[in-house]
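Before any comments, here is the structure.
The values are calculated or read from the model by the stated rules, or taken from the named source; none is laboratory data. All of these numbers come straight from a predicted model, not from anything done at the bench. Note that each Cβ is placed from the backbone with ideal geometry, even for glycine, and that neighbours are counted across all protein chains shown.
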There are 2 protein chains.
Amino acid sequence: MKQRLAAIGTVETLPHRVAAFLSREIESGELNPGARLPTEQELSEKFGVSRNVVREAIAQLRADGMIEARQGIGAFVLAPEQRAAIRIDREALKDTHNMERLFELRCILEAESAALAAARRSQEHLGSIKAALDRMGGEERWEEGSIDADLLFHREIARATGNSYIHTFISFVCEQIRHSIHYARMTNPLHDLVEINVGEHVRIYDALVAGDPAAAEAAMRAHIIGAANRVGVKLPLSKAKGAK
Amino acid sequence: MKQRLAAIGTVETLPHRVAAFLSREIESGELNPGARLPTEQELSEKFGVSRNVVREAIAQLRADGMIEARQGIGAFVLAPEQRAAIRIDREALKDTHNMERLFELRCILEAESAALAAARRSQEHLGSIKAALDRMGGEERWEEGSIDADLLFHREIARATGNSYIHTFISFVCEQIRHSIHYARMTNPLHDLVEINVGEHVRIYDALVAGDPAAAEAAMRAHIIGAANRVGVKLPLSKAKGAK
DNA sequence: GTCATATATATCATCCTACAACTTACTTCG
DNA sequence: CGAAGTAAGTTGTAGGATGATATATATGAC
């Protein structure tokens, strides 16, 4: 009877659950910055787990800069500004509004990055981007493979900017969107096939080859807006300027 | 002799050090994705700490999606794409090149966000942005206060986009830059006073009031390039278009 | 010999206790 | 009244014990 969804190895460990609980309590504002958390012992009693489990949970929050523990005193909630990590709540992404916001962020990041990539790409970069492009169309409709190739295409463009932070941020945002779409398809098999518009990708690639930043940016912007539409998210971007 | 820098309560706990070590080993490629980590016992012996400490360290890496632990088998390094969090190594930011990259990312994020903010800002938003602006100039040269106000100014603009993810990302990047500059000043007191160009901020604010996205974007871009220059980082942005 | 079952082993997951280090508050004594 | 010392509470670390899970080995039936 111990059913297990096992969403790809996410075994939902005890520390993870405790951390998620506390994290939510902080995000929601029940625990304001400066507030002191209950002691480890109180938490372990409250959740019915060992103090060890509580400590592992707190270690997470601490690493993220959400709380600060001071020996002999206790643990305190830190201000949101001093977070040491960005983490996106996947539960929240089930809300279409948040999905829309994430696509908007992605658009901002990728559009300008495409312009940078067009200006800086090397031949080696173009090669790996082309390879991803080929995989995308040639994957004979094996969905996961096409999606992987799609993501790789975007990551390789981010890499071509030569800026590792841009690469990290774009990879992260894309991956969050991928997970979110994956989940949406699990629960609602309406859109059974995620269409990938190869034409849009080719236009981006051509602009990169031509080394035309403005064209690359426009093509990327159009592509992401299109991709959002295809999964049922319409972007309210102000900047659909000079399209097509 | 137990000297302590005590960078604001960062007491350098044992799990933190172990996590940092493993994290570096993964980032540097010594532990490739798919590779198996040493067992918890081996690690505890290697570092001379208890297994408890090792587990807290691993809990961190797990939460970040850097490794995956499977009961009965071991812990394995995950591919960079499946990170669940973005974290920036502050050690790496001591390198000017990385600082430059971070400013470039910030420029991309904030420029377009300023355009969005200009299109969407409410009166309430303008009020809090103005408040930050006033604090910035009026802080009678108390550095930390001015810097706080500066950051608040940028955060409030990000908030005015109405997109919480944009707010989170911009806050995060700005905070990393702040820490990095703070550190640079500690070790190298050459630039003793971080100048804040109030004029640039006013131009951004005026564009927001006017509801002019293009002007807001241009002003923000010019400001960030200027800010980077003032701390000794020159941005190689391709997009200094329509400058002024 | 081959396959299925049972056992042993390795590893992570959790729990428990104990002590050290640190802070705060109280008590005691001058 | 003041200062030093003491006690209690809290986090940090250590170490061992047990449960859960996966792999490898051994055993036995056919």
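Values as computed for the structure displayed
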read-out: Of residues in the range A:6-37 being in a loop (DSSP other than H, G, I, E, B) and within 12 Å of DNA strand C (Cβ to nearest atom), the one surrounded by the most Cβ atoms within 10 Å (Cβ to Cβ); value: A:Thr13
read-out: Qualifying positions in the range B:76-127 - in contact with a helix residue (DSSP H, G or I) (Cβ under 6 Å, 6 or more places away or on another chain), of a type in the set (A, V, I, L, M) and either within 16 Å of DNA strand C (Cβ to nearest atom) or farther than 25 Å from B:Ile177 by Cα (or both); value: B:Val77, B:Ala119
read-out: Residue in the range A:55-73 that is exposed (fewer than 14 other Cβ atoms within 10 Å of the Cβ), within 9 Å of chain B (Cβ to nearest Cβ) and either within 21 Å of the chain's Cα centre (by Cα) or polar (S, T, N, Q) (or both) present; value: yes
read-out: Qualifying helices (runs of 4 or more DSSP H) (wholly inside the range A:127-244; at least 2 residues being at pLDDT 85 or above and over 17 Å from the mean Cα position of the chain (by Cα)); value: A:198-210, A:213-230
read-out: Sole exception among (1) within 9 Å of chain A (Cβ to nearest Cβ); (2) hydroxyl-bearing (Ser, Thr, Tyr); (3) surrounded by fewer than 22 Cβ atoms within 10 Å (Cβ to Cβ) for B:Thr161, by number; value: (3)
read-out: The lone exception for B:Asp134 - which of (1) crowded, with 19+ Cβ neighbours inside 10 Å; (2) away from chain A (no Cβ under 11 Å) it fails; value: (1)
read-out: Failed item, numbered, when A:Ala79 is tested on (1) within 9 Å of another protein chain (Cβ to nearest Cβ); (2) at pLDDT below 95; value: (1)
read-out: Any hit, the range A:100-113, residues being of a type in the set (Gly, Ala, Ser), facing chain B (nearest Cβ under 10 Å), more than 16 Å from DNA strand D (Cβ to nearest atom) and in contact (Cβ under 8 Å) with a residue 12 or more places away in the chain; value: yes
